[in-house]
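Structure, as structure tokens:
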Amino acid sequence: MAEFKIGRLDGQPPRIRNVPIAVTPEGFWCCPSQAALQKTAKSPNQQGRPRGGASPAPSKASSVQRAQTISSEKRAQSTPARSRTNSDEQICPPPDAVSAPDPPKVAPAPAPEKRPKQHKISVGFGQLDTSDLKVVLYGKEGVAVKMIVHKNILAENSTFFADRISRQSPVSLLEVPDCEDVEIYVETVGLMYCKDVKQRLIKQNVPRVLRVLKVAESLGFRACIMSCLDYLEAVPWVGDEEENVVSSIRQLHDEDHRTNPLLKRVTSDVLANPPNDTLAHIIDLVLKSSEERGRREMKSLVLKLFKANNNINSNGSSADSCVMTLYSCFQNCLESLLALFRQASDPEALAEQSSDDKEQMFRKITLESDNLLWLAEILSDRHAADELTVIWSGQEELAELHPKIPVMHRHLVSCVSARLLVAVGKGEALPSKETRRRLLDVWLQPLMDDYRWLQHGYRWFDRTVVEDGVGQTILTLPLEDQQAVLLAWLGRFLKAGDGCPNLQRAFEVWWRRTFVRPYAELPGSSSASWPGRH
């Protein structure tokens, strides 16, 4: 804590208040934050005591004399622990200056005539007895900071100050109104006195360095800008820091800075490494993997990333390429699965194979079916499965071979059918009515054949979602087609019970449309003649 005095307008002796002084990781002191100043100004009046227990003198001259005595005592100390100020100013020791700085000096504050409510602070850098320029910063809420600096240091390091000094020469005072970040402004000026700016930044965090970078660019402090960029390029980014760093770099006015190598962390040469080629390679690696755990975890991860990051298909050409990549992979897996089904359903081919070969073949069937289900899930979630329903509804041969494969190996094929029916039922895919009817005609029966196994042998199977999706898909058909499909389902449900999808909700809607509330009544018919009409 450093003592801080606020001058009074009535001419009475100022009261001493304690104000926290922020000590930066570089080792030099900064002005207290504006919030601390306001809190101090509003806190109850408390009188501080100078060292040694002496009570404060009633006159300003005595106060100045006491401050000078304390400064003389501090001159003998190599590292002062706290600084003491007079009136409404504060003197802070500089950072690692070019030469060893003199101890803090205290100067009487001018009477606050124009800005009586301002809280003033004074900061000195370098050799104060050789300083030839004062820079006054006017911040928010009445905070004013006077920096005692050197023209040559500021002109050498800052194009802003070099221009101001050259235009107003000779000049002994510069004012900076509406300073947004007084604390960082003072710290950035202090960095002009450092031999190694990058070394001073190494203990800082990313948000603070971004603040320093913003001020350094406004000052044209190129050495500091480059040191900030070098720091940001090397340090890890956590959480929202990546977006903040990229945004800050892109807001830099200097084109050379905006193309800084640190952006290579988040951008790449598209021509040398097309994103869609990389995406196809990733999908291909996952699809060809046979290691159960790694395959399962990476499928889950990639699926989650596809769901969370819709920017992959946010623009036209990229979206088309991404979907085409997924469809190409689906078609390759489908062709492989069909060949395996033909082989597994041929008694002669099976008789010639050893038990190990058969086991390997059925394992491939399971893997390819799982691949198809994963790709169908991705395309359905991205509302890009219209063409997929057309492809799947045209697999009559695969559906005919389906009953010849053991259910424990074929059930994932029924999961693909279920996922596409759910996509249609949810509106994620919008195929034509002919495609919707053909999809049900080809794959609803195999789905019902495997339904009992799916409920008890496939733990990720959600019966409620599937039954609702199948029912909603049926209800999108013309009323006559609804009747044909639901009557076929009813006959199966009355025999299999829980071993068949429960489509009672869809059956009720069809019943109301047919018997209770027909929208196309026969000429001359009375609404009262229909059951349930009132």
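Every number in this text was worked out from the coordinates using simple rules, so none of it is lab data. Bear in mind that the values here come from a model prediction, so they are computed numbers and not experimental data. Positions of Cβ are backbone-derived with ideal geometry, glycine not excepted, and every protein chain shown enters the neighbour counts.
Provide the FRET efficiency to the nearest 0.05 for the Gln483-Arg463 pair, computing r from the beta carbons and using R0 = 22 Å. Could you put the intermediate results ahead of the total?
On the way: r = 24 Å, r/R0 = 1.11.
So the FRET efficiency works out to roughly 0.35.
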Separation in nanometres of the label points that stand 7 Å from Cα toward Cβ, at Trp237 and Asp386: 3.7 nm
Order 211-219, 147-155 from most to least packed using the mean count of other Cβ atoms within 10 Å. 211-219, 147-155
If I stretch the segment between Arg452 and Ser328 completely, what's the gain in nm (0.36 nm per residue apart, minus their alpha carbon distance), one decimal? 41.4 nm
Extension gain Ala496-Val407, at 0.36 nm per residue separation less the Cα-Cα distance, in nm? 30.4 nm
What is segment 423-502 by shape, rounded, prolate or oblate, if you read a ≥ b ≥ c off the alpha carbon gyration tensor as root eigenvalues and call it rounded for a/c under 1.5, prolate for a/b larger than b/c, and oblate otherwise? oblate
Mind listing the long-range amide H neighbours of Val143? Cut-off is under 5 Å, sequence gap 5 or more, other chains count too, H placed in the peptide plane at 1.01 Å from N. His119
Determine ³J(HN,Hα), in whole Hz, for all residues of segment 367-383 in sequence, where each value follows from phi through the Karplus function 6.51 cos²θ - 1.76 cosθ + 1.60 and θ = phi - 60°; x replaces Gly and Pro. 5, 5, 5, 5, 4, 4, 5, 5, 5, 5, 5, 5, 5, 5, 4, 8, 6
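Nearest 0.05, what FRET efficiency do Asn244 and Ala351 give at R0 = 51 Å with Cβ-Cβ as r?
Details: r = 67 Å, r/R0 = 1.31.
According to the calculation, E is roughly 0.15.
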Simple spin-label estimate for Asp129/Glu175, 7 Å along Cα→Cβ, in nm, reads 3.2 nm
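Report, in listed order, any pair from Lys304/Lys404; Lys140/Lys264; Lys264/Lys307 with a Cα-Cα distance greater than 30 Å. List each step's numbers first, then the result.
Details: Lys304/Lys404 35 Å; Lys140/Lys264 37 Å; Lys264/Lys307 26 Å.
From the list (Lys304/Lys404; Lys140/Lys264; Lys264/Lys307), the Cα-Cα distance tops 30 Å for Lys304/Lys404; Lys140/Lys264.
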In whole Hz, with x marking every Gly and Pro, tabulate ³J(HN,Hα) for segment 278-293 from phi via Karplus 6.51 cos²θ - 1.76 cosθ + 1.60, θ = phi - 60°. 5, 4, 4, 5, 4, 4, 5, 4, 5, 5, 8, 6, 10, 7, 4, 5
Segment 115-268: C-alpha gyration tensor shape, a/c 1.5 cut-off, then a/b vs b/c: prolate
Go ahead and run the numbers for FRET between Arg222 and Glu297, Cβ-Cβ distance against an R0 of 45 Å, rounding to 0.05. 0.40
Taking Cα pairs closer than 8 Å and at least 6 residues apart, the relative contact order of segment 318-433 in percent is 33 percent
Cβ-Cβ cut-off under 13 Å around Lys358, Lys and Arg +1, Asp and Glu -1: the net charge is -3
If you plug each phi of segment 413-428 into the Karplus form 6.51 cos²θ - 1.76 cosθ + 1.60 with θ = phi - 60°, what whole-Hz ³J(HN,Hα) values come out, in order, with x for Gly and Pro? 5, 5, 5, 4, 4, 4, 5, 6, 5, 5, 4, 5, x, 8, x, 6
Loop only by DSSP, 10 or fewer other Cβ within 10 Å of the Cβ. Give me the GluC sites (Glu not before Pro) in segment 337-386 that pass, ordered by residue number. Glu352
